[in-house]
Amino acid sequence: MAIDVVPDWMADLEEEDVTFLKNFLLCSGSLKEIAGLYGVTYPTVRLRLDRLIQKVRLGDEHAGDPFIALIKRLALNDKLDFDTAKLLITAYKKQKGDGET
């Protein structure tokens, strides 16, 4: 059964990220194979995968809040690093009284 709607976390990814995910799946999750496919080192692939994981996690968190959506967009567009984005979101939630992430 095919999905009818693309999940928000996936819709926020760039085409290059989706292609990486597809290749990752086709290589059965082997970072060594992915490194060979892209002609880069294993640590480079590991870093890219870690960054993609951060994008997905950040995309899942608080998508409905406009301020948090702005922080997310800044992080996804490399205007803000992911650790800083998480700190801002946590501080914002505390200020609003929503608790921790």
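Numbers below:
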quantity: Tilt relative to the chain, helix 82-96 - C-alpha long axis, 0 to 90 degrees, to 10; calculated: 30 degrees
quantity: Rounded accessible area of ASP8 (nearest 10 Å², 1.4 Å probe); calculated: 110 Å²
quantity: Accessible surface of the chain [probe 1.4 Å, protein heavy atoms]: carbon and sulfur percent; calculated: 57 percent
quantity: FRET E, pair ALA91, VAL56, Förster distance 25 Å, beta-carbon r, rounded to 0.05; calculated: 0.65
quantity: Net length gained if the chain between ASP78 and LEU26 were fully extended (0.36 nm per residue, minus Cα distance); calculated: 15.9 nm
quantity: Spin-label pair GLU33/VAL5, simplified geometry with 7 Å Cα→Cβ offset, distance in nm; calculated: 3.3 nm
quantity: Heavy-atom surface of the chain, accessible at 1.4 Å and reported per residue (Å²); calculated: 69 Å²
quantity: Ellipsoid equivalent to the chain - semi-axes via the Cα gyration tensor, in Å; calculated: 29, 17, 11
quantity: Heavy-atom accessible area ranking, 1.4 Å probe, most first, across ARG48, ARG73; calculated: ARG73, ARG48
quantity: Two-site label geometry, ARG46 and VAL18: point separation in nm, points 7 Å out along Cα→Cβ; calculated: 3.0 nm
quantity: Integer Hz, Karplus 6.51/-1.76/1.60 couplings in order for region 29-34, x for Gly and Pro; calculated: x, 7, 5, 5, 5, 4
quantity: Where GluC sites (Glu not before Pro) fall in DSSP loop in region 11-73, at most 10 other Cβ within 10 Å; calculated: none
quantity: Helix axis angle, 15-26 relative to the chain longest principal axis, alpha carbon, degrees; calculated: 50 degrees
quantity: For the chain, calculated [θ]222 nm from helices alone, where every DSSP H run of n ≥ 4 adds -39500 (n - 2.57); calculated: -21000 deg cm²/dmol
quantity: GNM result for the chain, Cα springs below 10 Å: residue of LEU37, LEU74, LEU88 fluctuating most strongly; calculated: LEU37
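The values are calculated or read from the model by the stated rules, or taken from the named source; none is laboratory data. Being a predicted model, the structure only gives us computed values, none of them experimental. Quick reminder, even Gly has a Cβ in these numbers, built from the backbone with ideal geometry, and neighbours come from all protein chains shown. Accessible surface is based on the protein model in full, side chains and every heavy atom, while ligands, DNA and RNA are left aside. Shrake-Rupley method; radii C 1.70, N 1.55, O 1.52, S 1.80 Å.
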